[in-house]
Amino acid sequence: MSEFVQHIINGLASGTIYALVALGYTMVYGVLKLINFAHGDVMMVGVYVGYATSRQLERDTSQSFFGVTLIFLVAMMTCAALGFFIERFAYRPLREKPKLTALITAIGVSFFLSYSFQVETVVGGLTLLPGAAPKAFPEIIKPTEWLVIGDRDIVIWNWQVISIGIAAVLMTGLQYLVFKTRFGMAMRAVSFDHRTAGLMGIPVDKVISFTFMLGSALAAGAGILYAIKDTLVQPLMGVTLGLKAFVAAVIGGIGHVPGAVVGALALGLVEEFVVGYGSSTWRDAVAFGFLILVLLVRPEGIFGRMTAEKV
Amino acid sequence: MNGVLKGLLPFAVAIPLLWLAQFLTKDTPFLVILSLTVGVNITLAVSLNIVNGMTGQFSIGHAGFMAVGAYIAGVVSKMTSVYGISFLPEGVSDQVLYVVSLLAGASSAALFGFLVGLPSLRLKGDYLAIVTLGFGEIIRVFVQNTELFGKALGLSGVPQRTSLFSCFFVVVVVVVVARRIAASSHGRALLAIREDEVAAEAMGVNTTAYKVRAFVVASFFAGLAGGVFAHYQSIVAPSSFTYVKSMEIVVMVVAGGLGSTTGAIIAAVVLTLLPEALRSLFLNITGDGSIAQRVEQIRMPIYGLLLVIIMLVRPQGLFGTQEIWQVWPFRKRAKPASTTPGAP
Amino acid sequence: MSRAEPTLAQKTSSASVRPEREPLLEVADLHVSYGAITALTGAALTVGKGEIVALIGANGAGKTSTLRAVSGMLKPKQGRITLDGAPIAGKKSHELVPLGMAHAPEGRGIFLNLSVDENLTLGAYLRKDKEGIERDRQHAFEMFPRLLERRDQRAGTLSGGEQQMLSVGRALMSRPRLLLLDEPSLGLAPQVIEKIFSILKTINQSGVSILLVEQNAHLALGLCHYAYVLETGAVVMQGTGKELLASDEIRKAYLGE
Amino acid sequence: MSSAAPTGTGAGVSNNGGAATLLRVQDATMQFGGLTALTTFCLEVKAGDLQGLIGPNGAGKTTAFNVMTGVYRPTSGDIIVDGERVNGHLPHQVNRAGLARTFQNIRLFKDLSALDNIKVACLADDRPASSMFSRTRVNALRKQGNFVGARTLDAWGNYLDWWRALLTTSGFRADEERITERATRLLEVMGLQHRKDELARNLPYGEQRRLEISRALATSPKVLLLDEPAAGMNTREKSELMILIRKIRDDFKLGVLLIEHDMKLVMGICERITVLDHGETIASGTPAEVKNDKKVIEAYLGVESKELQA
């Protein structure tokens, strides 16, 4: 029983990280109806920026509250800028083109990001691009046991609490932004119909840019949380994690904010149980199996609504 | 019967030429290996073009089918090579077993193509793309966990039976098949699905059946390519069939022009040889291996950038939906090419 | 004309001459095309200040395209559009809202995923005066009490007529000088149409100029001060509502007599 | 809206007495969620009929077409094409049963040549009558009510066709030649032979409409459904089209049902007109009857508002 509870806790903790990445997918899909394949890679860039920032700081500073906040902020801001550029120069020119064009572009951006980070580039002693070798993310948050129940029957780690906490705060914030603010209303309007949204005086391009930036910043935050747990950072991490987050978003019904969270938690739990009671090597296959199953049975996801093509 | 003989004409021309090529290159192993890589890539690109280019479905898991073909063909070949066929001379027996294992691999891949084609009945565009990608990953994870396929280390000791001749014979077959499909009412049905699925369906095209058939044919040839690959690499490892391999093929198809068989061939040749050429160029100029090595590393980001730039500047790729002989300078009055790939 | 039903022109006695007004919207030589398909070939019209102008014509004549080009939803290939003397052709729709343009688009353009209240708030997206917005919202609810009953419901649950009311109410929230309406009567029951049209009249009397695209020729011509008939992308006939109502050509255009 | 009491000789019944009924729609109703887009729609088209379906925007005309051609499955009611009940069938099966259509917003295969657009629609239709899998045999099975058998035969024919295409047998080549020949002939019927090799997207609007009609004809339909064939055409093109549609009906001996907004065109060529408003059939009869129907006049010109006259 206690093992079961432990798995649930672990599953939820990793699920929250998927959820943060999945929210970015869902938001971008919401406003653009585009699956931003590069989202996971933006997250990877964020992790590297966080890594670089923490290496610049003194060990003590990087573990202080100030240091951790700084690391998160720098990574999130860099990714927001990256998201802005990707949208502005790769996606916006193709907005009125067939969807396939944008899809191929997104795949191209993803490929470019994940593989350019594998090319080690050192200019004047400064490492610009890190190379393919996995790096250990500094322990900016020292793992400690936050709560131990019984004779180590159930252990809850501080990073689990922190990531669930941060995720909860960010998700609540996002929910607030989307549903309670003027800007959120504009986002939802753009998501429903960007032409009509323009008629309301909503600057559609700006809303889409901002959504991209927000999603990318969230991804960076999630990436660092993930890296703290997994500690290994490598350029292809974004592809796998990104795809899983995408799976979560689709399971929840892409374009649906709470759906993404539910999907992500479900995926986190399923994976945890497969690893806990099965074998960890099957972990990645499970996510995709789950996805294919959901798409075949209910392609619109758990919360999504199907839209029929007009003839 | 006369018609069938005419239909076999390309092979009658190709076979002697291929023999000649094999004979001429027998002392240049480097060239042969390079050519085999080119041949496998052409087969993959031309077959993927049937799904992505002609039918307008976007598959990004082609390496998965290649993996199925490679592993099944490899296993069959390994198991049968112990026995051989007693009443045949050894060389002939080997070749027969080679063909049998290739066909086994290709058929298994085709079966998987059928299974993956089924979701395409309900899913479109990006969702289908993800499913094909997911399928490719599942295959890889499955292989990594199966004793029979050598787990993560891969399948080693597959007999080296691929020759220049057999590899390019497969290329000739896939090209002829692709072109003949395109020139028949079936190809037109596929193109119609790409252009407008609703209209195609309304004009009596059984879009469901055609989409699945496109997947089956394409994965059959991907499996064949996998088998050929397995029989010259002799080691089949899961790392050869990742998402990256699938993307490489996608880049070739997109760059050549979605729907253009000759475009896919040219893109496959160029994109396979260019990195090699650059590598040896740098090696000769600088005499320094490290820069040459970086060519290989830089190849991938450049592929990504290439996709983005093609989509922004020339979304129809090199030839658009046309074949090389339809395009200037071979034809005086070139029609304005399309500006959009795939269905609207 | 075989049937002797009295037309509006015969009932009312006022002169059917277009009164001189200062122009608010001027459109000249407007060309619009979608790919190979040409929608407008040199359409021209004027909406005076305080005027209701109707645009009628068969399906595919280019009525909706005219509205879209005016409100910046699509870029005209060629042509001049001026709002109060300032050229606006080619501007994006969100840049035109602050200039006093409001467009209730074809198919009502309601954000079905948002609540009635949120739809109205979006109409005032660019306005900062909270009290003014609140007053206008109350005004919209007074005009359409049905919307007040449903203010917190998702707009997707509204009936067609209620959605149309919301569309008009929302367009007014930006305090426009020029209101573009695309087929406000589409798919509505006659009583609802009548209600909406009488409200349009009130709105106009409060000083808003209206450019109305309408299939229901009787209603449109009865309401408007001036009307244009569009055919295959160009104006083929124009006149005051009364003139056109009295015209055989209109019956011909609509019933093929 | 009060329930309709259609004028004329009865709802949607053709006055083309002797000919066989090719399309019969019985009480078709289509609901989307809570919305009823089409209510108990009835229609009968016989060989040689030229009928019109009219009504204001949003009246449910295109919905009716979509229900008939299998795009939507009707909530209730029956669609019978040449004796075969096709509701719930996929659009391509409905097409094979003998119903071809054009689309309101032209849906050509834009990047294929005009000729290829038609050849797509010819598909397996041109196997010689002597062939084991000929259309005649398939239809014979269908006539006997053996629909499964008909479809199986068709499917096997198709499978063999793949191999014939891959081996380029002489039979395959003969088929291709026949298809090309027939497609060329259909282009000529529509006066498009000079556009043969042009990509469909590069054709002028009017010609695109005509190409779509010839593409529909290539599927050898028994009934042709035209969704606003004259939309966006100028007056001259429209009158040419009228003549053309009548000629098609006579030459191909089929039933034609068209949706059209141009009253002049509809009244000019249709022998029978059904009027929809809010999904309900408000009138049905000859052009003269329909033209003078009070409900129709109201639906088109609109009721006069009492309040506005104040």
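Just wondering, is there one or more residues in segment D:120-128 that are open to solvent by 20 Å² or more (accessible area, probe 1.4 Å) and in the same structural domain as D:His261 (by TED's automatic domain parsing)?
No - not one qualifying residue is present in segment D:120-128.
Is there a residue in segment A:235-256 that is under 23 Å from A:Ala80 (Cα atoms), away from every other protein chain (no Cβ under 14 Å) and crowded, with 22+ Cβ neighbours inside 10 Å?
no
Taking segment A:103-124 as the search range and keeping residues that are at the interface with chain B (Cβ under 8 Å from one of its Cβ atoms) and of a type in the set (A, V, I, L, M, F, W, C), which one is surrounded by the most Cβ atoms within 10 Å (Cβ to Cβ)?
The selected residue is A:Phe111.
Tally time: how many residues in segment D:69-89 are of a type outside the set (Val, Ile, Thr), surrounded by 16 or more Cβ atoms within 10 Å (Cβ to Cβ) and more than 17 Å from D:Glu44 (Cβ to Cβ)?
Total meeting the criteria: 3.
In this structure, is B:Val216 closer than 25 Å to B:Ile139 by Cβ and within 14 Å of chain D (Cβ to nearest Cβ)?
Yes; evaluated as a whole, the condition is true for this residue.
Results for (1) part of a helix (DSSP H, G or I); (2) within 13 Å of chain B (Cβ to nearest Cβ); (3) in contact with a Ser or Thr (Cβ under 9 Å, 6 or more places away or on another chain), shown as yes or no for each residue.
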{"residue": "D:Ala150", "(1), (2), (3)": "yes, no, no"}
{"residue": "D:Leu153", "(1), (2), (3)": "yes, no, no"}
{"residue": "D:Trp163", "(1), (2), (3)": "yes, yes, yes"}
{"residue": "D:Arg173", "(1), (2), (3)": "yes, yes, no"}
{"residue": "D:Glu181", "(1), (2), (3)": "yes, no, no"}
{"residue": "D:Leu211", "(1), (2), (3)": "yes, yes, no"}
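Where in segment B:1-57 are the helices (runs of 4 or more DSSP H), entirely inside, with at least 1 residues that are closer than 15 Å to B:Val175 by Cα, of a type in the set (Val, Ile, Thr) and open to solvent by less than 10 Å² (accessible area, probe 1.4 Å)?
The helices (runs of 4 or more DSSP H) meeting that bar are B:29-49.
Which residues, taken from segment A:275-304, are under 20 Å from A:Val257 (Cβ atoms) and touching a Ser or Thr at 6+ places or on another chain (Cβ under 9 Å)?
Scanning segment A:275-304 gives a single hit, A:Glu300.
So B:Leu312 fits all but one of (1) within 12 Å of chain A (Cβ to nearest Cβ); (2) at pLDDT 80 or above; (3) crowded, with 18+ Cβ neighbours inside 10 Å; what number is the exception?
(3)
Within segment B:119-140, is there a residue that is closer than 25 Å to B:Pro29 by Cβ and buried (at least 16 other Cβ atoms within 10 Å of the Cβ)?
No: segment B:119-140 contains no residue that is closer than 25 Å to B:Pro29 by Cβ and buried (at least 16 other Cβ atoms within 10 Å of the Cβ).
Against the conditions (1) over 29 Å from A:Met76 (Cβ atoms); (2) without any contact (Cβ under 8 Å) to a residue 60 or more places away in the chain; (3) more than 10 Å from chain B (Cβ to nearest Cβ); (4) open to solvent by 40 Å² or more (accessible area, probe 1.4 Å), where does A:Val262 fall short? Just the number, please.
(1)
Considering only segment A:191-212, how many residues are in contact with a Phe, Trp or Tyr (Cβ under 7 Å, 6 or more places away or on another chain), within 8 Å of chain C (Cβ to nearest Cβ), surrounded by 22 or more Cβ atoms within 10 Å (Cβ to Cβ) and not β-branched (Val, Ile, Thr)?
Counting residues in segment A:191-212 that are in contact with a Phe, Trp or Tyr (Cβ under 7 Å, 6 or more places away or on another chain), within 8 Å of chain C (Cβ to nearest Cβ), surrounded by 22 or more Cβ atoms within 10 Å (Cβ to Cβ) and not β-branched (Val, Ile, Thr) gives 2.
Picking from B:Val250, B:Val270, which residue would you name as being in a helix (DSSP H, G or I) and surrounded by fewer than 18 Cβ atoms within 10 Å (Cβ to Cβ)?
That would be B:Val270, the only listed residue that is in a helix (DSSP H, G or I) and surrounded by fewer than 18 Cβ atoms within 10 Å (Cβ to Cβ).
If you scan segment D:87-115, which residues turn out to be more than 7 Å from chain B (Cβ to nearest Cβ), closer than 11 Å to B:Ala199 by Cα and not in a loop (DSSP other than H, G, I, E, B)?
D:Ala100
Closer than 30 Å to D:Lys61 by Cβ and either surrounded by fewer than 23 Cβ atoms within 10 Å (Cβ to Cβ) or at pLDDT below 90 (or both): does that describe C:Glu118?
Taking the combined requirement at face value, the residue does not satisfy it.
Out of all the residues in segment B:89-111, is one or more in a loop (DSSP other than H, G, I, E, B) and more than 14 Å from chain A (Cβ to nearest Cβ)?
Yes, there is a match, as at least one residue in segment B:89-111 is in a loop (DSSP other than H, G, I, E, B) and more than 14 Å from chain A (Cβ to nearest Cβ).
In this structure, does D:Ser220 turn out to be within 18 Å of B:Ala192 (Cβ to Cβ) and not in a loop (DSSP other than H, G, I, E, B)?
no
Please report, ordered by residue number, the strands (runs of 3 or more DSSP E) entirely within segment C:32-99 with at least 2 residues that are in contact (Cβ under 8 Å) with a residue 12 or more places away in the chain and within 24 Å of D:Pro56 (Cβ to Cβ).
Filter on segment C:32-99 gives C:37-48, C:52-57.
Which of the residues that make up segment C:145-167 are within 21 Å of C:Gly132 (Cα to Cα) and surrounded by fewer than 24 Cβ atoms within 10 Å (Cβ to Cβ)?
C:Pro145, C:Leu148, C:Arg151, C:Asp152
Is there a residue in segment C:11-21 that is at pLDDT 90 or above, outside any helix (DSSP H, G or I) and in contact with a Ser or Thr (Cβ under 8 Å, 6 or more places away or on another chain)?
Checked against the condition, which is being at pLDDT 90 or above, outside any helix (DSSP H, G or I) and in contact with a Ser or Thr (Cβ under 8 Å, 6 or more places away or on another chain), segment C:11-21 yields no hits at all.
Taking the residues in segment C:61-83 that are surrounded by fewer than 16 Cβ atoms within 10 Å (Cβ to Cβ) and in contact with a strand residue (DSSP E or B) (Cβ under 6 Å, 6 or more places away or on another chain) as candidates, determine which candidate is nearest to the other protein chains (Cβ to nearest Cβ).
C:Lys77
Give the residues of segment D:282-298 that are within 13 Å of D:Met267 (Cβ to Cβ), facing another protein chain (nearest Cβ under 10 Å), assigned to a helix (DSSP H, G or I) and open to solvent by 10 Å² or more (accessible area, probe 1.4 Å), sorted by residue number.
Correct list: D:Pro287, D:Lys291.
Could you list, in sequence order, the residues of segment B:231-247 that are open to solvent by less than 10 Å² (accessible area, probe 1.4 Å) and in contact with a strand residue (DSSP E or B) (Cβ under 9 Å, 6 or more places away or on another chain)?
B:Val236 - this is the single residue of segment B:231-247 that is open to solvent by less than 10 Å² (accessible area, probe 1.4 Å) and in contact with a strand residue (DSSP E or B) (Cβ under 9 Å, 6 or more places away or on another chain).
What is the residue count in segment D:223-248 for residues that are assigned to a loop (DSSP other than H, G, I, E, B) and surrounded by 20 or more Cβ atoms within 10 Å (Cβ to Cβ)?
Of the residues in that region, 6 qualify.
Could you please find all residues in segment B:138-195 being of a type in the set (Lys, Arg) and within 14 Å of chain D (Cβ to nearest Cβ)?
If the condition is that a residue be of a type in the set (Lys, Arg) and within 14 Å of chain D (Cβ to nearest Cβ), then B:Arg179, B:Arg180, B:Arg188, B:Arg194 are the ones that fit.
Do you know which residues across segment B:163-210 are open to solvent by less than 10 Å² (accessible area, probe 1.4 Å) and of a type in the set (Phe, Trp, Tyr)?
Listed by number, the list holds a single entry, B:Tyr210.
For the condition part of a helix (DSSP H, G or I), at pLDDT below 85 and not acidic (Asp, Glu), what is the one hit in A:Leu82, A:Leu113, A:Leu100?
The unique qualifying residue is A:Leu100.
Could you grab me the full set of residues in segment A:132-160 that are within 14 Å of chain B (Cβ to nearest Cβ) and either in a helix (DSSP H, G or I) or in contact with a helix residue (DSSP H, G or I) (Cβ under 9 Å, 6 or more places away or on another chain) (or both)?
Answer for segment A:132-160, where residues must be within 14 Å of chain B (Cβ to nearest Cβ) and either in a helix (DSSP H, G or I) or in contact with a helix residue (DSSP H, G or I) (Cβ under 9 Å, 6 or more places away or on another chain) (or both): just A:Ala132.
Do we find that C:Leu180 is more than 8 Å from chain D (Cβ to nearest Cβ), of a type in the set (A, V, I, L, M, F, W, C) and surrounded by 23 or more Cβ atoms within 10 Å (Cβ to Cβ) in this structure?
Judged against the criteria, C:Leu180 is a match.
The values are calculated or read from the model by the stated rules, or taken from the named source; none is laboratory data. This structure is a prediction, so every number in the text was calculated from the model and none was measured. Glycine gets a Cβ as well: all are built from the backbone with ideal geometry, and neighbour counts include every protein chain shown. Side chains included, ligands, DNA and RNA excluded: accessible areas come from the protein's heavy atoms. Shrake-Rupley method; radii C 1.70, N 1.55, O 1.52, S 1.80 Å.
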